[in-house]
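These notes concern the structure reproduced below.
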Amino acid sequence: MSIHYKISKPIVRSLLAYLDLCGHDSKAVCQSLDINHLDIMNGDGLLPSDVYTTLLKAGANITNDPAFGLHLGISAEPERWGVLGYIMTCCHTLNEAIHCQHRYQDLVGSMGSLTVSPRRDTLRMLWDTDFTPLATQAEEAITGWVAFGRWVTDTNLSPSHIYFSHPAPQNTQPYQQFFNCPVEFDAEFNALEINASLLGTPLKKPDKTMKGRLILHAEERLEDIDEPQTFLKVIKRYIKETLPKKTPELTDAAAIMELTPRTLQRRLKNKGMHFSAVIEETRNELAFQYLADTKNTMADITFLLGFSEQSAFSRAFKRRTGKSPGEYRKTTFE
């Protein structure tokens, strides 16, 4: 099956705005590439991803900037991510914003997905793709996360480690200077790690009421998106359908994907993941979704997520978010 990746118009517009800022007429650039500039500038829908990759390549070429992805990422502001950006801006803490990014990331496209993995003293944010991304794509994504994090907290917070899967450029100084932490190239994945102590950093403009309204809008938008059946999404769909009935098994997931269990395990390992972690992540995503619908009782959600007792669901949710399910629903939607 051929997968058609998408990218949101606000992200493409932010690229065009950056080209204008660099002194290049973005409308003329689009015309030279036979790209519909007017369509990009109107609405907040999704575009074919090759529009973005074509413009990224052109941007790096016409600016003659080897670190074009880095510098594009540094310019990130909430508008780049549309509704998602505004939701994150309204959160109370950095941790809350990260969880919202994870939940509503499909609003900005399907080229890559955020996978959040808690570790002993850090949180790893992995930018996961089912294809080999351009260096500019990976750099823009990871750098944009850091730039936005600094903007929304009004601090100069830095990650503890950066990973890029592409080879190191000739000059790595701009990367070290911006990230202010070890930057590893030729890594097995594209990711950042942030010290867990920073997750409670307050955001500068929290707005519970506006966040609740935006989340309701985001939930409606998600229902209208035709998502590609990427590797992890197929697994997560199986887990979602299985949780109310029994504990999801790697062997069953492998059979659905027409893979051997060993092959599926290897593919997950290559992404720095384990099947049990995917189950936990899927449960967390679904918990946010089910809690947003106030018609769902806590007993309903406990059953849908495959927990044997409501207390087990509450402990798991609080471990991930710092709040009980009831507290989260009350502070977000009531």
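Residue count for segment 81-93 satisfying the condition of being surrounded by fewer than 21 Cβ atoms within 10 Å (Cβ to Cβ), of a type outside the set (Ser, Thr, Tyr) and assigned to a helix (DSSP H, G or I): 1.
Please work out which residue is nearest to THR201 (Cα to Cα), limiting yourself to segment 89-144 and to residues that are charged (D, E, K, R) and over 10 Å from the mean Cα position of the chain (by Cα). Lay out the reasoning, then the answer.
In the first step, residues of segment 89-144 are kept if they are charged (D, E, K, R); the result is 96, 103, 106, 119-121, 124, 128, 130, 139-140.
Cutting the leftovers down to over 10 Å from the mean Cα position of the chain (by Cα) gives us 96, 119-121, 124, 130, 139-140.
Numbers: GLU96: 10, ARG119: 18, ARG120: 18, ASP121: 15, ARG124: 17, ASP130: 32, GLU139: 24, GLU140: 23 Å.
Selected residue: GLU96.
Listed by position, the helices (runs of 4 or more DSSP H) inside segment 275-331 whose residues that are of a type in the set (Ser, Thr, Tyr), surrounded by fewer than 17 Cβ atoms within 10 Å (Cβ to Cβ) and at pLDDT 90 or above number at least 1 are 275-292, 310-321. Just one of the listed residues (ASP186, ASP207) is more than 16 Å from the chain's Cα centre (by Cα), more than 24 Å from LYS6 (Cβ to Cβ) and loosely packed, with under 15 Cβ neighbours inside 10 Å, and it is ASP186.
Can you name the residue in segment 153-169 that is surrounded by fewer than 16 Cβ atoms within 10 Å (Cβ to Cβ) and among the polar types (S, T, N, Q) and, of all such residues, is farthest from HIS92 (Cα to Cα)? The selected residue is ASN156. When ARG13 is tested against the conditions (1) closer than 30 Å to ALA287 by Cβ; (2) assigned to a helix (DSSP H, G or I); (3) in contact (Cβ under 8 Å) with a residue 24 or more places away in the chain, the lone failure is (1).
If you check ARG103, ARG119 for being crowded, with 20+ Cβ neighbours inside 10 Å, among the charged types (D, E, K, R) and either in contact with a Cys (Cβ under 6 Å, 6 or more places away or on another chain) or not assigned by TED's automatic domain parsing to the domain that holds THR282 (or both), only one passes: ARG103. Meeting the requirement of 2 or more residues that are under 30 Å from LEU134 (Cβ atoms), among the acidic types (Asp, Glu) and not assigned by TED's automatic domain parsing to the domain that holds HIS102, no helices (runs of 4 or more DSSP H) wholly within segment 155-273 can be named. Just checking, does segment 73-80 include any residue being of a type in the set (A, V, I, L, M), buried (at least 21 other Cβ atoms within 10 Å of the Cβ) and closer than 28 Å to ASP25 by Cα? Yes, because at least one residue in segment 73-80 is of a type in the set (A, V, I, L, M), buried (at least 21 other Cβ atoms within 10 Å of the Cβ) and closer than 28 Å to ASP25 by Cα. Is at least one residue of segment 22-41 under 18 Å from GLY144 (Cβ atoms) and not acidic (Asp, Glu)? Within segment 22-41, one or more residues are under 18 Å from GLY144 (Cβ atoms) and not acidic (Asp, Glu).
Residue-wise test of (1) over 30 Å from THR302 (Cα atoms); (2) touching a Cys at 6+ places or on another chain (Cβ under 6 Å); (3) exposed (fewer than 12 other Cβ atoms within 10 Å of the Cβ).
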{"site": "TRP151", "(1), (2), (3)": "yes, no, no"}
{"site": "ASN171", "(1), (2), (3)": "yes, no, yes"}
{"site": "PRO174", "(1), (2), (3)": "yes, no, no"}
{"site": "ASN195", "(1), (2), (3)": "yes, no, no"}
{"site": "GLU220", "(1), (2), (3)": "no, no, yes"}
{"site": "ALA255", "(1), (2), (3)": "no, no, no"}
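Across segment 42-65, which residue is farthest from VAL108 (Cα to Cα) among those that are outside any helix (DSSP H, G or I) and modelled with pLDDT of 95 or more? So that I can check it myself, show each step before the final result.
Of the residues in segment 42-65, the ones outside any helix (DSSP H, G or I) are 42-48, 64-65.
If we keep only those that are modelled with pLDDT of 95 or more too, we end up with 64-65.
On the way: ASN64: 27, ASP65: 25 Å.
Residue satisfying both the conditions and the ranking: ASN64.
Looking for something charged (D, E, K, R) and part of a helix (DSSP H, G or I) - is there at least one such residue anywhere in segment 123-140? Walk me through it before giving the result.
Of segment 123-140, the ones charged (D, E, K, R) are 124, 128, 130, 139-140.
Then keep just the ones that are part of a helix (DSSP H, G or I); that gives 139-140.
For segment 123-140, residues charged (D, E, K, R) and part of a helix (DSSP H, G or I): present.
The values are calculated or read from the model by the stated rules, or taken from the named source; none is laboratory data. What you are looking at is a predicted structure, and each value in this text was computed from that prediction instead of being measured. Note that we place each Cβ from the backbone using ideal geometry, even for glycine, and neighbour counts take in every protein chain shown.
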